[in-house]
Amino acid sequence: MAEEQTAICFIDHQKHMVIDGRYLRDLEPATRNLIKSEYPSAKVTDFICDHDLLKYQLMRVDGMVKSDVKQTRKINRRLTRAMQSDDYEIVDVNENLERTLTMGQRISDAVARFGGSWGFIGIFTSVLIAWMFVNGASLFGIHFDPFPFILLNLGLSCIAAIQAPIIMMSQNRAADRDRMNSENDYHVNLKSEHELRILHAKLDNLTQNQLPHTLEIQKLEIEILGQIRNELDELHREKAGQFSNDQQDGEKDEKETSDQ
Ligand SMILES: [Zn+2]
C-alpha cells in the first residue's frame, strides 16, 4: 500500500507522495501540452510533483492572460480605426436650409403654407360666393361680371397658374430636405452597423475566450492553493516528527530535498 502512495516525478526523478503531485492524464489538456512541448517523451502515465507543476500552471495562466490582452487590443484597434475612418459630418438639415434660404424661397414657402390651409379655402370660398351673389343678383345695381362670370374665371385661372409653380418650388425644397435627411440616415446607419459588428466581435471574444479563461484561471488558482496547503501540512507533519523523534528520518530527508 505504501508502494502505491509514492511516485517518481519524471522531471526531477525524486520520489514523492502521490498526493503531492499529479499524473499527466489528470491535467488540463492545455497544461499537459505545455509540459509535452518541453518534454516530448512525457507519457500520460507519468507523474509530476506539485513543485514542478506550478511552473507550467503559471505559464498557462500567463499564456491565457497574454492572448486575451492581445485579442482585446486587436478589437479595440479595429474599433478605433472604424471610428476614425468615417469622417462624414452629420449635416444639421434645418440649420443648413435656413441659412441658404433666399427671399423668393421664403415667400414661396409662406404662399404654399397659406394655400394649403383651411383658412385659404374658407376665405376663397367666401370671395367666390360673394362675387357670384353680387353679380348674379345685381345687388346695388353692380354687375361688372354677369353670369357666367368670365372675369372670375380669368382671375381663378391666373391664381391657379401662379400658385402651381410656387407650390412646386416649395416642394422642391421639401425634396432637398428629404434628400439631406436620408443621406444623414444612410451614413449614421452605416457607421452604427460597422460599430455594432465590432462590438459583437468584442462580446463574442468576451464570452468565448475571456470568460472560459477566467474560469480556468480560477480553477488553477484553487489547485495551486491546494498544493500550498499540502506543503503546509507536510511542514506540520515534519515538525511533529521532529518532536516525537520517530524513525522516519530517511523519509524526512527526501521531502526536504524535494522542497528545495
Ligand atoms: Zn518534480
Filtering the range 83-126 for residues that are more than 23 Å from Met180 (Cα to Cα) and not polar (S, T, N, Q) leaves a count of 11
Just checking, does the range 78-86 include any residue being touching a His at 6+ places or on another chain (Cβ under 6 Å), modelled with pLDDT under 90 and under 30 Å from Leu196 (Cα atoms)? yes
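This table checks each residue for (1) more than 16 Å from the ligand (Cβ to nearest atom); (2) of a type in the set (Val, Ile, Thr).
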position	(1), (2)
Asn33	yes, no
Thr45	no, yes
Asp50	no, no
Leu53	no, no
Asp68	yes, no
Those residues of the range 114-171 which are more than 30 Å from Leu97 (Cβ to Cβ) and β-branched (Val, Ile, Thr) amount to Thr125, Val127, Ile129, Val134, Ile142, Ile150
If you go through Ser182, Ser244, the only one that is open to solvent by 60 Å² or more (accessible area, probe 1.4 Å), of a type in the set (Gly, Ala, Ser) and at pLDDT 90 or above is Ser182
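The values are calculated or read from the model by the stated rules, or taken from the named source; none is laboratory data. Just so it is clear, the model here is predicted, and its values are computed rather than measured. FYI the Cβ positions are ideal-geometry reconstructions off the backbone, even for glycines, and counts take in every protein chain you see. All accessible areas refer to the heavy atoms of the entire protein, side chains included, with ligands and DNA or RNA removed. Shrake-Rupley method; radii C 1.70, N 1.55, O 1.52, S 1.80 Å.
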